[in-house]
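Asker: Got a structure for you, written out below as structure tokens; questions coming shortly.
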Amino acid sequence: MRRVRSEKDSDYYKVVDDAINSYTWAALVKLQERGVVGEVLGPVGQGKEAKIVLAKRRDGGYAALKIFYPVPVRFTKSRYGYILGDPRFRNVKISDQLHLVELWCRKEFGNLARAYETGVRVPRPYGFYRNVLAMEFIGVGRDPAPTLADVGLENVEDPEALFHEVLKNLEKIYVVAGLVHGDLSPFNILYDGERPWIIDWGSAVRRGHPKEYEYLKRDVERILEFFQTPLDPHDVFKKLAERGSQRGPVEVDEEGWVVVGGKRILDE
């Protein structure tokens with residue numbers, strides 16, 4: 001029977017390096033015990049707040065572990081508004097920085113799960129514990145898919161078709177899932193050569209958040225700026241806000257467009 005690593009495996013610490021301490025290690029062991037992941041392989045990416053570590057699933061597939069650094073300086077008070085203004089966390093009191101990291105991980109998993117359940121193209125969420133989030137690995141072999149920012153629009157075969165895919169998902173996030181991503185940009189969209197995958201859901205808030213429209217407008221502006229589309233960002237933002245507020249049946253057609261009142265967003 002394969003042994004689950006323990007905190008005493010000092011050599012393994014060197015593989016995962018600065019994202020690991022005893023607190024994080026215990027979270028990894030817990031996810032292994034729950035069968036969420038099997039073997040942890042090593043880092044494949046790094047950001048300001050988290051490290052991405054590759055792991056194997058029991059079925060032989062790969063998973064990505066987003067390990068939030070359990071270091072106070074990594075999370076600042078600027079993140080508080082994304083939590084305290086969210087109706088889901090109305091009665092939550094943040095006791096310390098480590099508590100903030102745990103809340104952020106839980107919030108990202110919840111947002112990711114909500115987006116996945118409503119058909120937004122995101123990595124499938126597998127589970128979380130403490131500061132570790134496990135999700136589907138997007139890439140080829142052990143190589144992660146690049147971001148749109150790394151690929152560059154000039155290297156996309158059909159930029160208009162790709163823009164439409166991103167726009168479909170942006171509207172699904174808001175109208176169907178009832179969320180605002182809050183940090184959508186080409187840096188938070190993976191591109192596998194055919195399809196976009198939206199990642200980094202920690203900043204996402206529910207509709208009804210005090211800064212809902214501010215965040216939505218910013219998401220729209222960043223996406224339209226990257227794709228250099230002639231569409232007016234204010235007009236797209238206004239249409240999204242109106243379509244999100246309408247009551248009545250909301251459907252997604254066979255091409256993936258959200259249909260509100262019998263119309264797609266570009267039909268209006």
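Asker: Once the piece of chain linking Gln46 and Gln246 is laid out straight, how much longer is it, given 0.36 nm per residue of separation minus the C-alpha distance between them?
Answerer: 68.0 nm
Asker: Okay, moving on. How high is the FRET efficiency between Lys263 and Lys211 when r is their beta carbon distance and R₀ equals 25 Å, given to the nearest 0.05? Mind showing how you got there, number by number?
Answerer: Numbers: r = 28 Å, r/R0 = 1.12.
Here the calculated transfer efficiency is 0.35.
Asker: Beyond 27 Å between alpha-carbons counts as too far, so tell me which of Lys30/Lys107; Lys66/Lys239; Lys168/Lys211 fall in that bin. All intermediate terms of the calculation are to be shown ahead of the outcome.
Answerer: On the way: Lys30/Lys107 19 Å; Lys66/Lys239 34 Å; Lys168/Lys211 22 Å.
Where the Cα-Cα span goes over 27 Å, the pairs concerned are Lys66/Lys239.
Asker: May I ask for the distance between the Cα centers of the range 158-189 and the range 198-268, given as a whole number of Å?
Answerer: Here the answer is 8 Å between Cα centres.
Asker: Let me ask something else. So which GluC sites (Glu not before Pro) in the range 110-165 are both in a DSSP loop and have at most 16 other Cβ atoms within 10 Å of their Cβ?
Answerer: Details: sites: Glu117, Glu136, Glu154, Glu157, Glu160, Glu165; in loops: Glu157.
Loop-located and lightly packed - Glu157.
None of the figures in this text is laboratory data; all of them are computed from the coordinates on show. This one's a predicted model, so the numbers in the text were calculated from it and none came from an experiment. Counting neighbours? That spans all protein chains shown, and the Cβs are built from the backbone with ideal geometry, glycine included.
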